[in-house]
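Visitor: Take a look at the following structure, please.
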Amino acid sequence: MSPTQMRVSDGVGRSEPGHGVAVSLVNLCRSYGPIRALDGFTLDIAPGEFVALLGPSGCGKTTALRVLAGLEDADSGRVEVGGKDITSVPTSARDMGMVFQAYSLFPHMTARQNVEFGLQLRRIPSARRRARASEMLDLVELSDHADRYAHQLSGGQQQRVALARALAIEPQVLLLDEPLSALDAKVRAQLRDEIRRIQLEVGTTTLFVTHDQEEALAVADRVGVMRAGNLEQLASPHALYARPATPFVADFVGLTNRLRATVEGEHANLLGTRFPCCRGQCSVGPRWCWSVPNPLQSQPIRPVAPRSSRRASWAPRGVCMQ
């Protein structure tokens, strides 16, 4: 039996090697004083799926991840992994791997020793630890740097070691909390592709938190856009960009074609051309509209009320639902 086939721990809801587990966050609420970080947040992740949570600072995406990891307690709601309720299970028993924004490597340990650390805590025999660490370092293409210390590695290399360490314990869920934000643009693009390659190869269910639209759209199977503690939309990257559900989603993912048009029933007159409107359009008259850029075919446009009367004439979810 190879090191990949041998399980290194017996966590809750254990899946077979190479297969992810289903994750459900159900109606989570979490408040910090008067601030409601999560407000009935619900998310279902399929086994082996890579889901990215995207949103501005303070929207609750990191809180959701920390509740899943057990680092935060929700005020209400439940967390399910592999069909089992783990809401009350302590962090140490949830069998999850986590990569933080800071590299968080032990400076007195080599890359290999950092990767072995979680295995050592689980009392895995030395020979098996070494074999597993070598396997993971090879996976992140750092075998030649196994005996280097953190200060001898670049930022991108340190984050690869952190990823290898998280995967070494064969977690049932991999959690990535803005792991690329401290890197420069070129390294960030390279490492995000590496993360996706590794996730596809290993098959671990993954939740990735970021505020970078390009990162989320480039690597995830589905992207959830968060606002004020809840999901505005959860969809594939293509659907999210081509069919945003709300003006907030359209604006946040970079759809900024905001043009003046006149709404006439189910169509809008834009620069002399009639376009179909999405369901739930505003009443007739002059409106600002979101349009989806597509050189091959016309897409429905999304009317929004004029700035002066926006608050009174539409609700966030009533205008752009398709």
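Visitor: Which one is farthest from the chain's Cα centre (by Cα), of the residues in segment 212-246 that are modelled with pLDDT of 90 or more and basic (Lys, Arg)?
Guide: Ranking the qualifying residues of segment 212-246, first place goes to Arg227.
Visitor: Give Pro244, Pro237 a once-over and let me know the one that is surrounded by 17 or more Cβ atoms within 10 Å (Cβ to Cβ) and in contact with a strand residue (DSSP E or B) (Cβ under 6 Å, 6 or more places away or on another chain).
Guide: On the way: Pro244 fails: in contact with a strand residue (DSSP E or B) (Cβ under 6 Å, 6 or more places away or on another chain).
Just a single option satisfies the conditions, and that option is Pro237.
Visitor: Just to check your reading of the model, which residue among Ser154, Ser126, Ser88 is within 21 Å of Leu207 (Cα to Cα), free of Cβ contacts under 8 Å to residues at least 60 places away in the same chain and surrounded by fewer than 13 Cβ atoms within 10 Å (Cβ to Cβ)? Please lay out each step first, then the result.
Guide: On the way: Ser154 fails: within 21 Å of Leu207 (Cα to Cα); Ser126 fails: within 21 Å of Leu207 (Cα to Cα).
Of the residues listed, the single one that is within 21 Å of Leu207 (Cα to Cα), free of Cβ contacts under 8 Å to residues at least 60 places away in the same chain and surrounded by fewer than 13 Cβ atoms within 10 Å (Cβ to Cβ) is Ser88.
Visitor: Kindly provide the set of residues from segment 215-230 that are of a type in the set (A, V, I, L, M, F, W, C) and buried (at least 20 other Cβ atoms within 10 Å of the Cβ), ordered by number. First the steps, then the outcome.
Guide: Of the residues in segment 215-230, the ones of a type in the set (A, V, I, L, M, F, W, C) are 216-220, 223, 225-226, 228.
Residues satisfying the conditions are Ala216, Val219, Ala220, Val223, Val225, Met226.
Visitor: Within the bounds of segment 160-177, is there any residue that is surrounded by fewer than 19 Cβ atoms within 10 Å (Cβ to Cβ), in a helix (DSSP H, G or I) and over 17 Å from the mean Cα position of the chain (by Cα)?
Guide: Just the residues of segment 160-177 that are surrounded by fewer than 19 Cβ atoms within 10 Å (Cβ to Cβ), to begin with: none.
For segment 160-177, residues surrounded by fewer than 19 Cβ atoms within 10 Å (Cβ to Cβ), in a helix (DSSP H, G or I) and over 17 Å from the mean Cα position of the chain (by Cα): absent.
Visitor: Right, something else. Within segment 205-214, take every residue that is of a type outside the set (Val, Ile, Thr) and surrounded by 24 or more Cβ atoms within 10 Å (Cβ to Cβ) and give me the one that is farthest from Ser181 (Cα to Cα). Show your work before the answer.
Guide: Taking segment 205-214 first, the residues of a type outside the set (Val, Ile, Thr) are 207-208, 211-214.
Subsequent filtering for residues that are surrounded by 24 or more Cβ atoms within 10 Å (Cβ to Cβ) retains 207-208.
Working: Leu207: 16, Phe208: 12 Å.
In this case the residue turns out to be Leu207.
Visitor: Something else now. Identify all residues within segment 207-247 that are in contact with a Cys (Cβ under 9 Å, 6 or more places away or on another chain) and part of a helix (DSSP H, G or I); write none if there are none.
Guide: Pro247
Visitor: Take segment 129-147 and flag every residue that is surrounded by 16 or more Cβ atoms within 10 Å (Cβ to Cβ) and of a type outside the set (A, V, I, L, M, F, W, C).
Guide: Selection gives Arg129, Arg130, Arg132, Ser134, Glu135, His145.
The values are calculated or read from the model by the stated rules, or taken from the named source; none is laboratory data. Values in this document were obtained by computation on a predicted structure and should not be read as measured data. Cβ atoms come from the backbone with ideal geometry, glycine included; neighbour counts cover every protein chain shown.
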